[in-house]
């Protein structure tokens, strides 16, 4: 999914459920379901993601690129450090 964001959004973009729907990256039928961004693909752009969850791998790549993720409850999600 990260590769889809890389392709469809500019660096610094605010990515929300509505933005994903408008670019047809998710279907209307999934709008009420829990959406999670997966860490597949390379990410070189910093995105600000709101109201959408992300896998641990995706969080790491998003943070490494200078972006951020705010979950559905508005809490900033943090990637777990590998030991």
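The values are calculated or read from the model by the stated rules, or taken from the named source; none is laboratory data. From a predicted model like this one, the values you see are computed outputs, not experimental measurements. Glycine also receives a Cβ, built like all others from the backbone with ideal geometry; neighbour counts cover every protein chain displayed.
Any residue that is part of a loop (DSSP other than H, G, I, E, B), at pLDDT 90 or above and loosely packed, with under 11 Cβ neighbours inside 10 Å - is there at least one of those in the stretch 23-33? For the stretch 23-33, residues part of a loop (DSSP other than H, G, I, E, B), at pLDDT 90 or above and loosely packed, with under 11 Cβ neighbours inside 10 Å: present. Remark: pairs (first residue in the stretch 1-28, more than 12 Å from residue 44 (Cβ to Cβ); second residue exposed (fewer than 11 other Cβ atoms within 10 Å of the Cβ); Cβ separation under 7 Å; 6+ apart in sequence or on different chains) = 21/28. Scanning the stretch 56-70 for residues being surrounded by fewer than 17 Cβ atoms within 10 Å (Cβ to Cβ) and in contact with a strand residue (DSSP E or B) (Cβ under 7 Å, 6 or more places away or on another chain) gives a total of 2. Residue 42 meets all of the listed conditions (1) surrounded by fewer than 12 Cβ atoms within 10 Å (Cβ to Cβ); (2) more than 13 Å from residue 1 (Cβ to Cβ); (3) at pLDDT 90 or above but one, namely (2).
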